[in-house]
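Presented below is the structure to which this report refers.
Read the figures in this text as sums done on the coordinates, not as results from a lab. All values reported here derive from a predicted model rather than from experimental measurement.
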Amino acid sequence: MPKWILVTCFGYTGYRGAKFGQIRVRERIKEISRELLQISELAEGMSFEFLHDIVDCLWVIGEPIPKFKEAVEKKTEY
């Protein structure tokens, strides 16, 4: 899921004046962010250096990136 969709949705669903906000949407976005914790553990297990994460992003340093990408896709089924 593209980053801008999550950022926009998360911000809007939390806005108390939102006409179309739904708690279920916000909860699903938070579920996705919890998956980042699992991915950060995966990165560290593959000897990547974990730098930072936030609602919808994870920053790591290391090689080989293609193998890490494949491992993330397999774990998350995205």
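If the chain between Val25 and His52 were fully stretched, how many nm would it gain, using 0.36 nm times the residue separation less the Cα-Cα distance?
7.3 nm
Using θ = phi - 60° and the Karplus form 6.51 cos²θ - 1.76 cosθ + 1.60, what ³J(HN,Hα) does each residue of the stretch 40-52 get, whole Hz, x for Gly and Pro?
Along the stretch 40-52, the couplings run 5, 5, 4, 4, 5, x, 9, 6, 8, 8, 7, 9, 6 Hz.
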